[in-house]
Amino acid sequence: MDQSESNGAPPSEMAYLTYNGKTIELPVLSGSEGPKVLNISDLYKELDVFTYDPGFASTASCTSNITFIDGDKGRLLYRGYPIQNLAEHCDFLEVAYLLLHGELPNAQEEKEFVDSIIHHTLVHEQISNFYGGFRRDAHPMAIMVGVVGALSAFYHDSLDIHDEEQREIASIRLIAKMPTLAAMAYKYSAGQPFIYPKNNLCYSSNLLRMMFAVPCEEYIVNPVLVRAMERILILHADHEQNASTSTVRLAGSSGANPFACIASGIAALWGPAHGGANEAVLNMLYEIGSVDRIPEFIKKAKDKNDPFRLMGFGHRVYKNHDPRATVMRKTCHEVLEELGIKNDPLLNLAMELERIALQDEYFIEKKLYPNVDFYSGIIFRAMGIPTSMFTVLFAIARTVGWVAQWREMISDPTQKIGRPRQLYRGKSERKFIPLEKR
Ligand code: SDX
């Protein structure tokens, strides 16, 4: 395979690998930022061996122009823009446009994009029937995995991934309908009637209103909470090839329809090691209960024989501060201030936990810093959002990143079905033993 064709960029230099008396060339490809990569596409063909990298800590699965993370310096760029600038100056749909199209929208582009989202926030009326099939205490992520996948049963005119127009309308539908479906999951668990979206509200205002309004009275959204939600959604929108995004890409590589791919991303995000960590942080803080019990839990987190980990700490890529956590911490104080929540015991506990952990030699040596999930749960709780909805809110935001990455993958001419291999350590071939002789 011509290396320049396979990756769109000519190799900048060559690496050499010698094994079993044979030396092969491995083209070294450079990106615009970050580590170079060794193209090993022909390794198996040339040397009859696989690479081995469980967890893919040293593996680039694709080329991408969307998001760049510098874990050592704690930098996060969406299409080249630092996350801090976007969180400070943009609204969520402005950033969604940037992630999808590669450039910040001008006023006309933003108006058209917002209009297209606003006019797709309703879901097919029959979809509400699905909710009645769940127990009222169903976890809202279980509902979201189900109903988002079920969208492919309703929108037959946006399933053909090879039709650019259908890809576009599926993208708009997914981004537009996630808040509606999420709010319906919350209302269902609360036994309250579903609230329809309103076209004169912005993305986060609609989300908050659909969650907290009741038909008996007007619901006035709090602009500080709206601003906080917009910022939180921006911070969670995309994050390179994390577990759920890689799941969406792998599902998409088989040609699965966009709704099924996003449903697979929601399922992967649910795990407490990933997007489920924000819910796990709150549950951990409740379990710790008071500042004097922090040392006991720090000790548990350091104990190799104890599966307990300090939720909201550590990251596969960030070995410095997660820049999102820094913005989140600031937002947390603003929201609590606005709500007049002084001296929140959970926030005090979280801040003391952060202070103690960051001074502990174990966390320093392993470069474990608070990540994006450490503070988000405290903000959501202060906003009156139940813990079980935290990861659902993460999924609403990350749908933009999943869709942007899925579109990038589908439109890559070199794209083919993802199919990793393995190091087999099972039984070698052996003689069959009939039942009567076992
Ligand atoms: C997200 O990938 C992304 O980009 C994800 C995300 C996104 O936006 O998509 O950023 C969102 O998922 C954030 C992470 C949320 N998860 C948590 O907060 C759960 C707690 N954190 C850990 O489970 C862990 O830090 C991970 C899963 C986040 C990262 O795990 P890694 O990179 O596989 O690191 P590791 O498990 O190999 O840990 C390295 C060492 C280990 O010790 P040793 O085996 O070297 O002795 O650090 C220890 C770990 O035991 N360690 C922790 C720890 N995290 C790692 N010890 C105590 N508490 C922790 N939280």
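The values are calculated or read from the model by the stated rules, or taken from the named source; none is laboratory data. Keep in mind that this is a model prediction, so the values were computed, not measured. Reconstructed Cβ throughout: ideal geometry from the backbone, glycine too, with neighbour counts over all protein chains shown.
Any residue at all in region 255-271 that's within 20 Å of Val392 (Cβ to Cβ) and assigned to a loop (DSSP other than H, G, I, E, B)?
Yes, the conditions are met somewhere in region 255-271.
Taking the stated definitions as given, is Ala280 aliphatic (A, V, I, L, M) and more than 8 Å from the ligand (Cβ to nearest atom)?
When the stated conditions are applied, Ala280 does not pass them.
Can you find even one residue in region 304-318 that is β-branched (Val, Ile, Thr), in contact with a strand residue (DSSP E or B) (Cβ under 8 Å, 6 or more places away or on another chain) and surrounded by fewer than 20 Cβ atoms within 10 Å (Cβ to Cβ)?
Checked region 304-318: at least one residue is β-branched (Val, Ile, Thr), in contact with a strand residue (DSSP E or B) (Cβ under 8 Å, 6 or more places away or on another chain) and surrounded by fewer than 20 Cβ atoms within 10 Å (Cβ to Cβ).
Here are some residues: Ser58, Ser64. Which one is surrounded by 15 or more Cβ atoms within 10 Å (Cβ to Cβ), within 24 Å of Val248 (Cα to Cα), modelled with pLDDT of 95 or more and of a type in the set (S, T, N, Q)?
Checking each option against the conditions leaves just Ser64.
Answer yes or no: is there a residue in region 325-338 that is near the ligand (Cβ under 9 Å from one of its atoms) and either over 30 Å from Ser253 (Cα atoms) or among the hydrophobic types (A, V, I, L, M, F, W, C) (or both).
no
Filter region 377-389 for residues that are away from the ligand (no atom under 13 Å from the Cβ), assigned to a helix (DSSP H, G or I) and in contact with a Ser or Thr (Cβ under 9 Å, 6 or more places away or on another chain) and give the result.
Those that are away from the ligand (no atom under 13 Å from the Cβ), assigned to a helix (DSSP H, G or I) and in contact with a Ser or Thr (Cβ under 9 Å, 6 or more places away or on another chain): Ile379, Phe380, Arg381, Ser388, Met389.
Pick out the one residue from Phe212, Phe154, Phe259, Phe194 that is touching a residue at least 24 places away in the same chain (Cβ under 8 Å), out of contact with any helix residue (DSSP H, G or I) (no Cβ under 8 Å at 6 or more places or on another chain) and among the aromatic types (Phe, Trp, Tyr).
None of the other options fit; the residue is Phe212.
If you go through region 308-317 one residue at a time, do you hit one that is more than 9 Å from the ligand (Cβ to nearest atom) and under 18 Å from Asp373 (Cβ atoms)?
no
Looking at Leu159, Leu122, Leu151, can you tell me which residue is out of contact with any Cys (no Cβ under 7 Å at 6 or more places or on another chain), farther than 30 Å from Leu76 by Cα and at pLDDT below 95?
Of the residues listed, the single one that is out of contact with any Cys (no Cβ under 7 Å at 6 or more places or on another chain), farther than 30 Å from Leu76 by Cα and at pLDDT below 95 is Leu159.
Please indicate, with yes or no, whether at least one residue in region 360-376 is out of contact with any strand residue (DSSP E or B) (no Cβ under 7 Å at 6 or more places or on another chain), outside any loop (DSSP other than H, G, I, E, B) and β-branched (Val, Ile, Thr).
For region 360-376, residues out of contact with any strand residue (DSSP E or B) (no Cβ under 7 Å at 6 or more places or on another chain), outside any loop (DSSP other than H, G, I, E, B) and β-branched (Val, Ile, Thr): present.
To keep it simple, each residue is scored yes or no on (1) more than 16 Å from the ligand (Cβ to nearest atom); (2) more than 21 Å from the chain's Cα centre (by Cα); (3) under 30 Å from Val95 (Cβ atoms); (4) assigned to a helix (DSSP H, G or I).
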residue: Tyr16; (1), (2), (3), (4): yes, yes, no, no
residue: Ile24; (1), (2), (3), (4): yes, yes, no, no
residue: Ser32; (1), (2), (3), (4): yes, yes, yes, no
residue: Ser64; (1), (2), (3), (4): no, no, yes, no
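Applying the selection to region 281-330, what residues are assigned to a loop (DSSP other than H, G, I, E, B), in contact (Cβ under 8 Å) with a residue 60 or more places away in the chain and of a type in the set (A, V, I, L, M, F, W, C)?
Passing the criteria: Met311, Val317.
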